[in-house]
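The values are calculated or read from the model by the stated rules, or taken from the named source; none is laboratory data. Quick caveat: nothing in here was measured; it's all calculated off a predicted structure. Neighbour counts run over all protein chains shown; Cβ positions are idealised from the backbone, glycine included. The accessibility values were calculated without ligands, DNA or RNA, using every heavy atom of the protein model including side chains. Shrake-Rupley method; radii C 1.70, N 1.55, O 1.52, S 1.80 Å.
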Amino acid sequence: MHRSYQPLKPVTNRYLQQRWDHQEYENHRRKVSSTLPVVDIKGMRTPAHVQLKLKKLQDERLSIIDRDNRLLASKLADIVCSKGVVDHRKQDRLRSLNADKRREELLLVGRQNEAIYQRITSRQSEHRRQLWWDDWERTERRRDDISRFPRGLAERRRSSRNVKFAAAEGSERSEPQRTGREKPEAQTSRNPHDAVNGDRRKL
């Protein structure tokens, strides 16, 4: 590159002259960029009362208030003419924010319960009820065989007895007269074992 460089004055070494010229040019550009202007060309600042027009803002605010008042007056006039019919009912319904989440959880619980029910119903019982029932029948037959009296006899006799009160018997029939030839009644035994044995003999 230094061979193609053509300096303004004849020089011995073009390479060095190119470097010197480039360095001088950079210094010149640096000075030009950092130089302050001698003449103030910014101009004078605009006054605050010119930038912010308070009168204009006030007029705009008054015009907005006037427009709102006219709208409100027209609405009041419509209400007076329409006898004050106002739709005060709220159409929208209250809606829960997590309704979808709770619905999904409910469906999940329902599916889990259905799966548990299917597993329970499809499971075969481990208890053999028929064997138990047969064993109980054999036990009842053996009990009936070894028992002295048939089962249910006392209940049948108790249900067949007619209960009569002593007062009613005295009013219905009179006591028969005793004669000398009649045998006296046997004295009741005071031993409870004898009474029980007697009852058993009657049965």
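Residues that are surrounded by 10 or more Cβ atoms within 10 Å (Cβ to Cβ) and either outside any helix (DSSP H, G or I) or modelled with pLDDT of 60 or more (or both) do occur in region 175-190. Of the residues examined, VAL32 is not one that is part of a loop (DSSP other than H, G, I, E, B) and either of a type in the set (A, V, I, L, M, F, W, C) or open to solvent by 100 Å² or more (accessible area, probe 1.4 Å) (or both). VAL11 passes every criterion in (1) among the β-branched types (Val, Ile, Thr); (2) open to solvent by less than 100 Å² (accessible area, probe 1.4 Å); (3) part of a helix (DSSP H, G or I) apart from (3).
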